[in-house]
Amino acid sequence: MTTAAQVRAALSRRWHPAEWLFWAAAAGSLLLSGHHLLLTEIAILALFALSLDLILGFAGIVSLGHGAFFGLGAYVAGIVALRWTAEPLSGLAIATAASAALGLLTAPLLVRRATDLSRLMVTLGIAMLVVEGANRLSWLTGGADGLQGILIDPLLGRFEFDLAGRTGHAYALAVLAVLFLIARWLMGSGFGLSLQAIRDNPLRAQAIGIPVERRLVAVCTLAAAYAGAAGALIAQTTMFVSLDAAALHRSAEALIVLVLGGTGWLYGGLVGALAFKLLQDALSALTPHYWQFWMGLILVAVVLVGRDRIPAGLDRLRGRG
């Protein structure tokens, strides 16, 4: 059982030195010329995985259709840029709000499902509806051809989105940092602790007065907003949106990232995204046609062996050496 001292410690959420080092390294990555495009992809994937961690790691809600919110955010950001304003922060805010609205509308469908299997099927159905809707509304979304000809105004009126990806990298990293800070504060507050109580024992949480349904609806809405922000970033930095933005593999990719990084500690999505993208880049360079095979093998090894056992095993080997 959680003691009062543990609750106070969780609410204080003091920064560990390793966290300062992590964000210092992230800021230093802006100086790595020639790698901005890859690092932008990592930052966007990290934000998307963070959004999934909010519902999976903290609330215990499994999802196979989280990419629906990512795709909606991407399409809304692209449509806003083409038809209304190309100012990036405005497009980001509108796309985030649109995905949050979809999350709010669909959250009751997840909250009232009693089993993980039913939640998986509902989220999968929502994702399929979004993909098919984007395909059918070709007059608005471009259909199978996607949204083309997107042009984004300079960030803050000064920083143009260059081909090297320097501005896009800084933009994505800044949005990730701000939203991570908000998530860190929320998950360290009473709201986050109540979510963990619901995840561990929903009946007991309800018995002690926690409004279970309202808390779960709130975190689903928040997670959808974060996913929409990630989708908006991919649309604005690549200046293109296609059906691929809401495809099933988007949701699967976020799950893979959390398998690599771990759930329920926020940094899992960030560390997992870094590991996944670097592995993908390295393996595709070594074996362009079979990199998915090796990635799958690594994932199986991580799941079977366990993340905690790998460093322990290395320590034992060093001790024997």
Legend entry - In order through the stretch 281-292: 3J(HN,Hα) via Karplus (6.51 cos²θ - 1.76 cosθ + 1.60), integer Hz, x for Gly, Pro: 5, 5, 5, 5, 6, 6, 9, x, 8, 10, 5, 5
Legend entry - Candidates L255, L104, L156: whichever shows maximal mean-square fluctuation once the chain is modelled as a Gaussian network with Cα springs under 10 Å: L156
Inset, instruction - Quote the accessible area belonging to V300 in square angstrom, nearest 10, computed with a 1.4 Å probe and with ligands, DNA and RNA left uncounted. - result: 80 Å²
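Based on Cβ point charges of +1 for Lys and Arg and -1 for Asp and Glu, what charge dipole magnitude is obtained for the chain about its Cα centre, in debye rounded to the nearest 20?
Details: 22 positive and 17 negative charges, 222 e Å.
So the magnitude is around 1060 debye.
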Inset, instruction - Would you compute, from DSSP H runs of 4+ residues alone, the mean residue ellipticity of the chain at 222 nm, taking -39500 (n - 2.57) per run and dividing by the full residue count, rounded to the nearest 500? - result: -24000 deg cm²/dmol
Legend entry - Where chymotrypsin sites (Phe, Trp or Tyr not before Pro) in DSSP loops with at most 12 other Cβ within 10 Å are excluded, longest remaining stretch of the chain: 85-289
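Roughly speaking, to the nearest percent, how much of the chain's 1.4 Å accessible area is carbon and sulfur?
Working: 10890 of 16500 Å².
Roughly 66 percent of what the probe reaches on the chain is carbon or sulfur.
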Inset, instruction - Could you state how much accessible area S138 has, in square angstrom rounded to the nearest 10, with a 1.4 Å probe and all protein chains kept in place? - result: 70 Å²
Inset, instruction - Considering only E41, E19, E253, give the residue with the highest GNM mean-square fluctuation for the chain, with springs between Cα atoms whenever their separation is below 10 Å. - result: E19
Legend entry - Choice from A229, A183, A301 with maximal GNM fluctuation in the chain (Cα, 10 Å cutoff): A301
Legend entry - Cα pair distances exceeding 28 angstrom across the chain, given as percent: 43 percent
Inset, instruction - Counting other Cβ atoms within 10 Å, keep those with at most 11, restrict to DSSP loop, and tell me which trypsin sites (Lys or Arg not before Pro) in the stretch 78-164 are left. - result: R158
Legend entry - Relative contact order computed over the chain (Cα-Cα under 8 Å; 6+ residues apart), in percent: 33 percent
Legend entry - From phi via Karplus (6.51, -1.76, 1.60), per-residue ³J(HN,Hα) for the stretch 242-247 in Hz, x at Gly/Pro: 9, 4, 4, 5, 10, 5
Legend entry - Accessible area per residue, Å², the chain with all protein chains present, probe 1.4 Å: 51 Å²
Inset, instruction - Return the sequence-ordered ³J(HN,Hα) values of the stretch 137-154 in whole Hz as given by the Karplus equation 6.51 cos²θ - 1.76 cosθ + 1.60 applied to θ = phi - 60°, using x for Gly and Pro. - result: 7, 5, 5, 9, 9, x, x, 5, 7, x, 8, 10, x, 6, 10, 10, 5, x
Inset, instruction - Specify the inter-centroid distance of the stretch 17-82 and the stretch 141-213, based on alpha-carbon positions, in whole Å. - result: 7 Å
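The values are calculated or read from the model by the stated rules, or taken from the named source; none is laboratory data. Because the structure is a prediction, the values reported are computed rather than measured. Glycine also receives a Cβ, built like all others from the backbone with ideal geometry; neighbour counts cover every protein chain displayed. Side chains are part of the model used for accessible areas, which takes the heavy atoms of the whole protein and leaves out ligands, DNA and RNA. Shrake-Rupley method; radii C 1.70, N 1.55, O 1.52, S 1.80 Å.
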